[in-house]
Amino acid sequence: MFKELVEKKRYSFHEGFNDWRDAVRAACQPLLDDGTITPIYPDEIIKKVEELGPYIVIAPNICIPHAQEGVGVNDTAMCFMKTEKPVHFDPNDPEKDARIFVVLASTNNNIHLENLSALSETLSDEAIVAKVLEAKTPEDLLKVEE
Amino acid sequence: MAKLKVIAACGSGMGSSQIIKMKLEKAFKKLNVDAEIYHTNVGDAKSQANNYDVVFCSESLVGTFTGVKATVIGLKNLLSEKEMTEKIQEKIIDKK
């Protein structure tokens with residue numbers, strides 16, 4: 001999973017963000033740059049979270065920004081971001097803090113399902129998550145799955 | 001036990017709900033529960049919930065399902081098979 005993300009330059013590393021909305025936008029930036037998504041997509045993600053709560057934080061430290069298929073999305077892709085400091089989604093719930101972000105975009109359900117399956121498989125492994133949290137460069141990411 | 005009808009729900013129906021579905025399939029298999037799992041967004045899930053036995057969603061979405069007849073199970077950690085297995089055992093199997 002990380003090899004492909006690094007090869008396609010779909011990753012970024014940041015110190016931290018005071019506002020989770022800025023974190024979501026930054027996580028989406030590489031996909032905006034390569035035309036996979038349009039600016040509507042991060043707007044949609046943010047709107048849904050404002051409406052429903054931080055359901056995109058799926059596990060401690062792990063956030064998967066995504067919104068509905070077909071709105072502002074041109075291709076199927078994942079994009080990785082890591083922050084050094086936790087991003088707070090709910091000021092009253094530290095379990096909704098995140099440092100690992102994987103943006104999901106989909107136009108092709110089969111590829112999307114393969115992506116999701118790889119993602120859930122990889123990030124269910126606590127040893128891998130610990131290594132990802134330590135990663136500071138794309139080279140570190142490549143070593144995670146070795 | 002008759003086949004269990006399950007909905008996995010998330011805000012958009014395309015990310016977290018599919019992860020819940022993948023994880024649930026494994027968990028149900030291990031527990032020997034015959035289940036059919038459908039994944040969708042919360043709006044759709046709420047309107048269809050009465051045709052299903054159980055709804056699984058992220059804990060932050062549980063409030064959306066107030067008033068539905070189905071058992072609603074909120075998950076803290078969508079990647080934790082342990083949490084899922086324990087909740088299936090406690091809220092589904094032990095209740096039968």
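Equivalent-ellipsoid semi-axes for segment A:18-81 (Cα gyration tensor, √(5λ), whole Å, largest first): 18, 13, 11.
What pairs in A:LYS8/A:LYS85; A:LYS8/B:LYS21; B:LYS26/B:LYS76; B:LYS46/B:LYS69; A:LYS9/A:LYS136 have C-alpha atoms more than 22 Å from each other? Each step should come with its number before you reach the end.
On the way: A:LYS8/A:LYS85 25 Å; A:LYS8/B:LYS21 28 Å; B:LYS26/B:LYS76 18 Å; B:LYS46/B:LYS69 10 Å; A:LYS9/A:LYS136 15 Å.
Check vs 22 Å cut-off fails for A:LYS8/A:LYS85; A:LYS8/B:LYS21.
Positive end of the dipole of the protein assembly as shown (Cβ unit charges, origin at the Cα centre): among A:SER117, A:HIS88, A:ILE45, the Cα lying farthest that way belongs to A:SER117.
Could you rank B:THR64, A:THR107 by how accessible they are, 1.4 Å probe, largest area first? Could you put the intermediate results ahead of the total?
Details: B:THR64 45, A:THR107 70 Å².
Heavy-atom accessible area, descending, gives A:THR107, B:THR64.
Here the translational diffusion coefficient of the protein assembly as shown follows from Stokes-Einstein with Rh set to the Kirkwood radius across Cα pairs; for 37 °C and 0.692 mPa s it amounts to 181 µm²/s. When the Cα positions of A:PRO54, A:GLY35, B:ILE19 are compared along the charge dipole of the protein assembly as shown, B:ILE19 comes out farthest toward the positive end, with charges on each C-beta of Lys, Arg, Asp and Glu.
Restricting to Cα atoms and excluding each atom paired with itself, what does the Kirkwood estimate give for segment A:87-129 in Å? Kirkwood radius, segment A:87-129: 12.3 Å.
Semi-axis lengths, largest first, of the ellipsoid equivalent to segment B:2-96 are 18, 15, 12 Å, with √(5λ) applied to each eigenvalue of the Cα gyration tensor. Spherically averaged projected area of the convex hull of Cα atoms, segment A:1-122: 6.8 nm². In chain A, excluding the sites themselves, the longest stretch lacking any of the trypsin sites (Lys or Arg not before Pro) that are in a DSSP loop with at most 15 other Cβ atoms within 10 Å is A:10-135.
The values are calculated or read from the model by the stated rules, or taken from the named source; none is laboratory data. As the structure is a computational prediction, the values presented were derived from the model and not from experiment. Cβ sites come from the backbone with ideal geometry, for glycine too, and all protein chains shown count toward neighbours. The accessibility values were calculated without ligands, DNA or RNA, using every heavy atom of the protein model including side chains. Shrake-Rupley method; radii C 1.70, N 1.55, O 1.52, S 1.80 Å.
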